[in-house]
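To keep things clear, I will list the structure first and then write my remarks on it.
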Amino acid sequence: MIRVSLPFHLRNLAHVAGEVELEVAPPITQRRVLDALEARFPQLVNTIRDRRTQERRAFLRFFACNEDLSHDSPDAPLPEAVAEGREPYMVVGAMAGGST
Amino acid sequence: MSSVRVLVGTKKGAFILSSDGKRKKWDVSGPHFAGWEVYHLAGSPKDPNRLMASQTSGWFGQVIQRSDDAGRTWEAVDNKFEYVGEPGMHQWYDGTQRPWEFTRVWHLEPTPDDPDTWWAGIQDAALFKTTDGGKSWTEFTGLRTHPSGPKWQPGAGGMCLHTILLDPKHKDRMYVAISAAGAFRSDDGAQTWKPINRGLKSQGELPDPNVEVGFCVHKIAQHPSQPDVLYMQKHWDVMRSDDAGENWHEVSGNLPVDFGFTIDVHAHEPKTVFVVPIKSDSEHFPLDGKLSVYRSKSGGDEWQAMTKGLPQADCYVNVLRDAMAVDTLDDCGVYFGTTGGQVYASSDGGETWEAIVRDLPGVLSVEVQTLK
């Protein structure tokens, strides 16, 4: 089971309280995890990745196991601890306080 | 007994204000979608419990929310607003050409007879429609692909389609307004469009007096009994057309300043018009710190300041283009929201005002549902 941690606003949008657990068939990659996440919560489509280009939204980051994976290939294998469910794959709102 | 529901979109969520027909006591629910910008929310005239909201964020993009129970619960529906075919190019601030790119939904317009059918105006300017309650959106390309498109340019807020008016007498006629392209009319159900900007003048920005597009139209309003009469708050100038937009003439008259964003028409008096003058395009706040609604009972030209109950000192808020609406009770209610988070209401056609809620986030839009 893959554990996914979402930022506050996306948890609200998905109507979930804590981490999300997803069944993802190997190989466990960022693309496959996000595909499974969006399949389970269609309202998250286009909020994390651009629907057309599949690129990460500029103000979001992807972390796991104390590493920033935001610039890794979406098809690269995720760390073993994520694939085994010991650590969450984290979608994080970038630090940007905004103007309002 | 009649009641009123005021739908308020703000910089940090949506709020729903409810009152009985006396409009003295107000219940406030919200924030809905807390922390998100809600550019607009509106209700279906056919089924007032059906609401749609445009929820948007620089972090997470666009979400469209639908409620079937007057805002008690919400469901995210489709957020796919994809231009059909090649997006094409429009003019950028520096005069270069830039491709159309979706940013957000500015305005959601319900149709009178079908709670599942809505129009959406987006940035970069284009017109979309749903006929299944928001489960899917389809672009009507005739507007974006108009030959004048490469000359459209963004206003300071982006190249937004912010006004959608459905003509109540001519089934296939509708109007839209775009900053900064101008006003457009369709007579065939949004298939084809005609710029209707003759008579508008913006000498500072557009030296050619006969230019077809490029005008920063801030808002258009009409009265359902006289849909061929249109009122416009342009960047500068308050304008009127008596022939469905074919020709415009200025009706700023004795306004102390004719810059502003919003404009609306009394529910029962088609010649009674409301505007909120703003000092200038450089200083987006009321003249001398005095918040004033100006009312004309003659279709423009002759205006009267309606200030009773509004702050008359040290007020430096703005009133944005979609932030005024009227109810249809016998004593027409007029409502507007400010960037300071107040929503002011008048239950006597603008004679007197009071804040029905204060200290909300900056108000982006106000709509009213009159429930009978």
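The values are calculated or read from the model by the stated rules, or taken from the named source; none is laboratory data. All figures in this text were calculated on a predicted structure; none of them were measured in a lab. Every residue, glycine as well, gets a Cβ built from its backbone with ideal geometry; the counts of neighbours run over all protein chains shown.
Numerical summary
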{"quantity": "Some residue of the stretch B:247-268 being on the phi > 0 side of the Ramachandran plot, in a loop (DSSP other than H, G, I, E, B) and surrounded by fewer than 24 Cβ atoms within 10 Å (Cβ to Cβ)", "calculated": "yes"}
{"quantity": "Residues of the stretch B:69-101 that turn out to be within 14 Å of chain A (Cβ to nearest Cβ) and closer than 30 Å to B:LEU17 by Cα, as a count", "calculated": "9"}
{"quantity": "Residues satisfying the stated conditions in the stretch B:292-325, i.e. charged (D, E, K, R) and not in a strand (DSSP E or B)", "calculated": "B:LYS297, B:ASP301, B:GLU302, B:LYS308, B:ASP314, B:ARG321"}
{"quantity": "Helices (runs of 4 or more DSSP H) fully within the stretch A:7-83 counting 1 or more residues that are under 28 Å from B:SER54 (Cα atoms)", "calculated": "A:8-14, A:30-40"}
{"quantity": "Positions within the stretch B:270-291 being outside any helix (DSSP H, G or I) and either under 27 Å from B:PRO168 (Cβ atoms) or among the aliphatic types (A, V, I, L, M) (or both), in sequence order", "calculated": "B:PRO270, B:LYS271, B:THR272, B:VAL273, B:PHE274, B:VAL275, B:VAL276, B:ILE278, B:LEU291"}
{"quantity": "Conditions (1) at pLDDT below 95; (2) more than 17 Å from B:SER54 (Cβ to Cβ): number failed by B:GLY157", "calculated": "(2)"}
{"quantity": "Search result, residues across the stretch A:57-93 that are surrounded by 13 or more Cβ atoms within 10 Å (Cβ to Cβ) and either closer than 17 Å to A:THR47 by Cβ or within 14 Å of another protein chain (Cβ to nearest Cβ) (or both)", "calculated": "A:ARG57, A:PHE59, A:LEU60, A:ARG61, A:PHE62, A:SER70, A:PRO74, A:TYR89, A:MET90, A:VAL91, A:VAL92, A:GLY93"}
{"quantity": "Unmet criterion (only one of (1) closer than 20 Å to B:GLY333 by Cβ; (2) touching a helix residue (DSSP H, G or I) at 6+ places or on another chain (Cβ under 7 Å)) for B:PRO224", "calculated": "(2)"}
{"quantity": "Residue that is surrounded by the fewest Cβ atoms within 10 Å (Cβ to Cβ) [pool: residues in the stretch B:346-372 that are over 21 Å from B:SER2 (Cβ atoms), away from chain A (no Cβ under 14 Å) and not hydroxyl-bearing (Ser, Thr, Tyr)]", "calculated": "B:ASP359"}
{"quantity": "Count of residues meeting criterion [within 15 Å of the chain's Cα centre (by Cα) and either surrounded by fewer than 18 Cβ atoms within 10 Å (Cβ to Cβ) or not in a strand (DSSP E or B) (or both)] in the stretch B:172-227", "calculated": "2"}
{"quantity": "Some residue of the stretch B:240-254 being under 21 Å from the mean Cα position of the chain (by Cα), within 20 Å of B:SER346 (Cα to Cα) and free of Cβ contacts under 8 Å to residues at least 60 places away in the same chain", "calculated": "no"}
{"quantity": "Number of positions in the stretch A:23-56 that are within 14 Å of chain B (Cβ to nearest Cβ) and without any contact (Cβ under 8 Å) to a residue 40 or more places away in the chain", "calculated": "18"}
{"quantity": "Tabulated pairs, the stretch A:71-98, first at pLDDT below 95, second assigned to a loop (DSSP other than H, G, I, E, B), C-beta under 6 angstrom, 6+ apart or interchain", "calculated": "A:GLY93/A:PRO7; A:GLY93/B:TRP59; A:ALA94/A:PHE59; A:ALA96/A:PHE59"}
{"quantity": "Only listed residue being over 25 Å from B:ARG240 (Cα atoms) and of a type outside the set (A, V, I, L, M), chosen from B:ASP348, B:ASP359, B:ASP322", "calculated": "B:ASP359"}
{"quantity": "Single unsatisfied condition, B:TRP59 versus (1) in contact (Cβ under 8 Å) with a residue 60 or more places away in the chain; (2) of a type in the set (Phe, Trp, Tyr); (3) more than 19 Å from B:VAL357 (Cα to Cα); (4) buried (at least 18 other Cβ atoms within 10 Å of the Cβ)", "calculated": "(1)"}
